[in-house]
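Student: Have a look at this one.
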Amino acid sequence: MNKLYQSKWHGINFKDFSACSNKKIADKSFYDKFYKQFFKKYRSFDDLDVDWVEYKETIAKEIIKEIQLKKSKSILSIGCGIGIVEKYIVENTKDVNITAIEPSEGVSKWIGNTSKIQIKDGYFPDVLDDNLNFDMSFSNSIDYTFNNKEYEIFLRSVVDYGIKEFILISVSKYKKEQTLKILIKNLIKSILSPIGLYNKHQFWGYCRTSNEQVKILKKSGFNVVSVVYESDNTLIIKALV
Ligand SMILES: C[S@@+](CC[C@H](N)C(=O)[O-])C[C@H]1O[C@@H](n2cnc3c(N)ncnc32)[C@H](O)[C@@H]1O
């Protein structure tokens, strides 16, 4: 596991709305402030960067493949953000319903009028009733927000809730041989950023190798764990109880 730092997202510079910290991780209040700026800048999915939308659609198509393998109908998405992947899934499948959870209130408003998606603002599992049944669950790029201890607790809570099939999408993959390069880059950022010689970076989260992901999923109670998609920075892992 290595630390990740970031200075902007969706073309929004973090320093324009927050005092960036390279020690305190981006928390809910950071995301709340970010999304406020986001909705000032963008009015609909059509305004977003075309390459980013295409990338999200690639991920949505991979999730659809998994949904169709077992003809899953009832899906839980944890940490849906603006809901672009969830929207693509329900628009490109039949009879699939998604319950989508997101901690930052109101950020999934662009998909709010889609009858096949039920949005819940809050944290998993607290925001859900205890007795709901889902055929499958996925989490798309929220893994980076957890340190190893928090990540294990989160994954265990997914198993304890009764989810039998979990698809993890990680967009912060790195390779073991990149470790030294990442450490040097992070060191340079931490020296130059406070003295204004480098765009101020926010401690964004953690990146993990494919092996680290598999290991932590198994440690958290998943029995069968397999990588189903891999690109330079993205990893999709299927984990079964
Ligand atoms: C990089 S975004 C990904 C959003 C969306 N899944 C996507 O792929 O576009 C990370 C999201 O994770 C959410 N998040 C942060 N901590 C979380 C947690 N503990 N549980 C669920 N979601 C979380 C943030 O509010 C943010 O919307």
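Any read-out appearing in this document is the output of simple, stated calculations on the displayed coordinates, not a laboratory observation. What you are looking at is a predicted structure, and each value in this text was computed from that prediction instead of being measured. Please note: Cβ atoms are built from the backbone with ideal geometry, for glycine as well, and neighbour counts cover all protein chains shown.
Student: Name the longest site-free stretch of the chain, where the excluded sites are chymotrypsin sites (Phe, Trp or Tyr not before Pro) in a DSSP loop with no more than 15 other beta-carbon atoms within 10 Å. Could the numbers behind the result be given before it?
Tutor: Numbers: sites that count: F17, Y198.
By the stated rule (loop sites, at most 15 other Cβ atoms within 10 Å), 18-197.
Student: Between K28 and Y161, 0.36 nm times their residue separation minus their Cα-Cα distance comes to what? Could the numbers behind the result be given before it?
Tutor: On the way: separation 133, 0.36 × 133 = 47.88 nm, distance 2.31 nm.
Once the chain is fully extended between K28 and Y161, it gains 45.6 nm.
Student: Angle between the Cα long axis of helix 28-41 and the longest principal axis of the chain, 0 to 90 degrees, nearest 10?
Tutor: With rounding to tens, the tilt is 90 degrees.
Student: Another question, then. Stick to the Cα atoms of region 1-142, pair each with every other, and give me the Kirkwood hydrodynamic radius in Å at one decimal. Walk me through the numbers on the way to the answer.
Tutor: Numbers: mean 1/r = 0.0614 Å⁻¹.
In region 1-142 this quantity evaluates to 16.3 Å.
Student: Below 8 Å between Cα atoms, with a sequence gap of 6+, how large is the relative contact order for region 1-149 in percent?
Tutor: Once normalised by length, the contact order is 21 percent.
Student: Please give the contour-minus-distance gain from I191 to N133: 0.36 nm per residue of separation, less the Cα-Cα distance, rounded to one decimal in nm. Show your work: numbers first, answer last.
Tutor: Numbers: separation 58, 0.36 × 58 = 20.88 nm, distance 4.92 nm.
Result: 16.0 nm gained on full extension.
Student: For helix 210-219, what angle does its Cα long axis make with the longest principal axis of the chain, in degrees from 0 to 90 and rounded to 10?
Tutor: Once rounded, the angle reads 50 degrees.
Student: In square nanometres and to one decimal, what's the mean projected area of the convex hull around the Cα atoms of the chain?
Tutor: Details: hull surface 51.1 nm².
For the chain, the mean projected area of the Cα convex hull comes to 12.8 nm².
Student: What number of lysine-lysine pairs in region 34-81 show an alpha-carbon separation below 20 angstrom, given a sequence spacing of 8 or more or placement on distinct chains? Walk me through the intermediate numbers first.
Tutor: Numbers: K41/K56; K56/K65; K61/K70; K61/K71; K61/K73; K65/K73.
Pairs that pass both the separation and distance tests number 6.
Student: Here's a follow-up. With everything on Cα atoms, drop me the angle between helix 50-69 and the longest principal axis of the chain, reported from 0 to 90° to the nearest 10.
Tutor: Helix 50-69 sits at roughly 30 degrees to that axis.
Student: Taking only DSSP H segments of four or more residues, each worth -39500 (n - 2.57), what value at 222 nm results for the chain once the sum is divided by all its residues, to the nearest 500 deg cm²/dmol? Show your work: numbers first, answer last.
Tutor: Working: 6 runs with 80 residues, N = 241.
Calculated mean residue ellipticity at 222 nm is -10500 deg cm²/dmol.
Student: Between G79 and residues 5 or more places away or on another chain, which pairs have amide H atoms under 5 Å apart, with H built 1.01 Å from N, and which residues are they?
Tutor: Answer set, sorted by chain and number: I101, E102.
Student: Take the Cβ-Cβ distance between F45 and Q178 as r, set R0 to 41 Å, and report the resulting FRET efficiency rounded to the nearest 0.05. Present the calculation step by step, with values, prior to reporting the outcome.
Tutor: Numbers: r = 33 Å, r/R0 = 0.79.
It comes to 0.80.
Student: OK, next. What is the magnitude of the charge dipole of the chain about its Cα centre, with +1 placed on the Cβ of each Lys and Arg, -1 on the Cβ of each Asp and Glu, and no other charges, expressed in debye to the nearest 20? Don't jump to the answer; show the numbers that get you there.
Tutor: Numbers: 37 positive and 30 negative charges, 162 e Å.
Roughly 780 debye for the chain.
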